[in-house]
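The values are calculated or read from the model by the stated rules, or taken from the named source; none is laboratory data. The shown structure was predicted, so the numbers you read here are calculated from the model rather than taken from an experiment. Counting neighbours? That spans all protein chains shown, and the Cβs are built from the backbone with ideal geometry, glycine included. To get the accessible areas, we keep the full protein, side chains included, count just its heavy atoms, and leave off ligands, DNA and RNA. Shrake-Rupley method; radii C 1.70, N 1.55, O 1.52, S 1.80 Å.
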Amino acid sequence: MKYKPYSLYNFRKIPQIENLTEEQKFNIEVVGTVLPFKTNNYVIDELIDWDNFEEDPLFILNFPQKEMIDNDSFNKIAALLKNKASKQIVQQEVNKIRLKLNPNPAGQESNVPVFEGKKLNGIQHKYKEIMLFFPTQGQTCHAYCTFCFRWPQFALSEFKFAMKEADSMVSYLKANPKITDVLFTGGDPAVMKTRFFKEYINALLDADIPHLKNIRIGTKSLTFWPYRYTTDDDADELLELFEKVKRKGINIALMVHINHPRELKTKVVKRAVKRLISVGVQVRSQSPLLRKINDNADIWAKNWKEQVKMGIIPYYMFIARDTGAQDYFAVTLYRSWQIFRNAYNQISGICRTVRGPSMSCDPGKVQVVGVSEIKGEKVFVLNFLQGRDSSWVGKPFFAKFDPEAVWFDDLEPAFGDSKFFFEDAYFEMHA
Ligand code: SF4
C-alpha cells in the first residue's frame with residue numbers, strides 16, 4: 001500500500017467522509033484547527049468502521065470531535081471560520097486556546113539537560129537509567145491520536161523538543177554511566193527514513209558504550225502504518241539495522257501503542273510483528289485508558305490476550321494525561337482501577353506483565369494500586385513505578401479517596417497529613 005496522508009486541508013476528499021453531515025465535517029475543521037489532525041489511507045480503509053463511525057473507537061481516535069475543546073473555544077473558532085477571518089486572526093485565537101490546554105505536562109521542560117554549557121533540546125533525562133532522544137526527523141506521526149500528550153510537538157513550535165546531532169547524544173550518554181536505556185521518541189521516530197535511523201543508531205553502536213543495554217523505540221507505526229516493517233522501500237533495511245543492534249549484544253525494543261484490539265486484526269500487522277520478532281526485536285505494548293475508546297475491562301483483556309498470542313509483551317496501562325483533550329477522554333482513578341482489576345482477572349499469568357493504571361506525572365509514574373480502608377478512612381493506595389528519585393519506587397503511600405479524581409493533582413494526602421512523603425525532596429529538586 002502506498003502511504004497517503006490526510007489532514008485538515010484534504011480530508012473532505014476521503015471517499016468515506018461522504019457519510020458525515022456538513023455539520024460534522026465543519027466540527028472536524030473547527031477542532032482540527034486547534035488540535036493537530038492527521039490520518040492516512042490505511043487507518044481509513046482498514047481500521048475504521050464507517051457503518052458506525054459516530055461511536056467507532058478508531059474514528060474517535062483519529063478524527064477531532066466537537067467536545068474535545070470547550071464550548072466557548074469551539075464557538076469562537078467556529079465564528080471566525082464562518083466569517084472567513086484572516087489566517088493571522090484565527091491563529092492568534094488558536095494559540096490562546098492551545099496555551100490553556102497545558103501544553104507542557106509533567107514538567108517536561110525541567111527534564112532537558114544542560115551539558116557542557118549547552119541545553120540539549122532533543123534530550124530528556126528524568127529517570128536516572130533512561131534517556132529520551134527526540135530525533136528531528138521523527139517529530140511527526142503516520143496519523144495523530146486525538147488523545148496525544150505530545151500534541152504541542154506538532155502544533156506549537158516553542159514547545160517542540162528535537163535534536164539532529166548524534167554526536168551530542170553520544171557524548172551525553174558517555175558522560176552519564178547510570179543511563180542503561182536510550183528511548184527514541186517523538187512524534188513517532190518510525191516515520192524517519194532508515195538512513196536517519198542508521199545515522200543515530202550506528203553512532204551509538206560505534207561508540208561502544210558499555211553501560212548502554214537497551215535501545216527502545218516508542219511508536220504507533222505498528223498499527224497505524226504497519227507497512228513500515230513489511231513493504232515500505234526501506235523496511236528490510238530497517239529490520240537489518242535492528243538485527244545489527246541485537247548482534248552487538250544490545251536489546252532492541254519497540255514500545256508500541258495499541259489502544260484497541262481491532263488494531264491487531266489485519267494481516268499486515270500480524271506479518272509486521274512476526275518480522276520484527278524474527279530479527280530479535282522485543283515488542284512491548286502500552287496505551288492510556290480512554291473514555292469512548294477502551295474504557296471497558298473486556299476490551300483490555302481481549303487486547304492483552306491477542307498481544308500475547310502474537311508475541312507482544314503487555315507493558316503499561318496509563319491514565320490519560322492532563323493535557324489537550326483530557327476532559328473528553330478522562331476516566332476517574334477509581335473507575336480506572338476497577339477496569340484494570342477486572343481486565344487483569346480475566347487473563348492468565350503470562351499476560352500479567354502489564355502494570356497500571358499509572359499516571360506519568362512530574363514526580364514520577366504513580367500507580368493506583370487500589371482502594372482500601374485504613375484506620376476508618378477510605379484511601380487510594382498509590383505506588384511509584386518510577387520516580388525522579390529512585391528511592392521513592394515501590395513504597396506504598398496513601399491519598400484520601402475521591403471518587404471524582406482523574407489525575408494526581410486532584411488528590412490530597414490521607415490521614416490528615418499535610419503533604420505526601422516525597423514532596424520535600426521533590427520541591428528541593430525543582431528549586
Ligand atoms: S503516535 Fe504517539 S506521538 Fe503520535 S499522535 Fe499518537 S500518541 Fe501522539
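When each of the peptides 408-417, 40-49 is scored by how many other beta carbons lie within 10 Å of its residues on average, the order from highest to lowest is 40-49, 408-417.
Measure up Lys38/Lys213; Lys126/Lys305; Lys164/Lys213; Lys198/Lys267 against 24 Å on the Cα-Cα distance and list the ones that go over.
Correct reply: Lys38/Lys213; Lys126/Lys305; Lys198/Lys267.
At an R0 of 30 angstrom, the distance between the Cβ atoms of Asp233 and Trp50 translates into a FRET efficiency of 0.50.
Per residue, the solvent-accessible area of region 5-100 (1.4 Å probe, heavy atoms of protein chains only, all protein chains present) comes to 51 Å². Most simply put, the chain has about 45% antiparallel DSSP beta bridges, counting only bridges with both residues inside it. For Val371, the residues whose modelled amide H falls within less than 5 Å of its own, excluding neighbours fewer than 5 places apart on the same chain, are Val381. Accessible surface area normalised per residue over region 297-352 is 42 Å², counting heavy atoms of protein chains with a 1.4 Å rolling probe.
Normalised by 2.2 N^0.38 Å, where N is the number of residues, the alpha-carbon radius of gyration of the chain equals 0.98. In region 5-100, with Lys and Arg counted as +1 and Asp and Glu as -1 at Cβ, which of these residues, Val30, Ser86, Phe63, has the Cα nearest the positive end of the dipole, that is, farthest along it? Selected residue: Ser86.
With the simple model of a label 7 Å out from the Cα in the direction of the Cβ, Lys2 to Phe421 spans 6.0 nm. Modelled this way, with points 7 Å down the Cα-to-C-beta line, the labels at Thr180 and Thr21 are 5.6 nm from one another.
Heavy-atom surface analysis with a 1.4 Å probe gives the chain a carbon and sulfur content of 48 percent of its accessible area. Derived value for region 5-100: Kirkwood hydrodynamic radius 13.9 Å. Basis is the mean of 1/r over every pair of different alpha-carbon atoms. Averaging Cα coordinates gives a centre for region 125-141 and one for region 206-253; these two points are 15 Å apart. The calculated FRET efficiency for the pair Lys274 and Asp70, based on their C-beta separation and a Förster distance of 35 Å, comes to about 0.20. With every protein chain in place and a 1.4 angstrom probe, the accessible-area ranking of His211, His430, largest first, reads His430, His211.
Solvent-accessible surface of region 364-417, averaged per residue with a 1.4 angstrom probe and all protein chains in place: 47 square angstrom. Taking 0.36 nm per residue of sequence separation and removing the Cα-Cα distance, the Glu428/Arg335 pair yields an extension gain of 30.1 nm.
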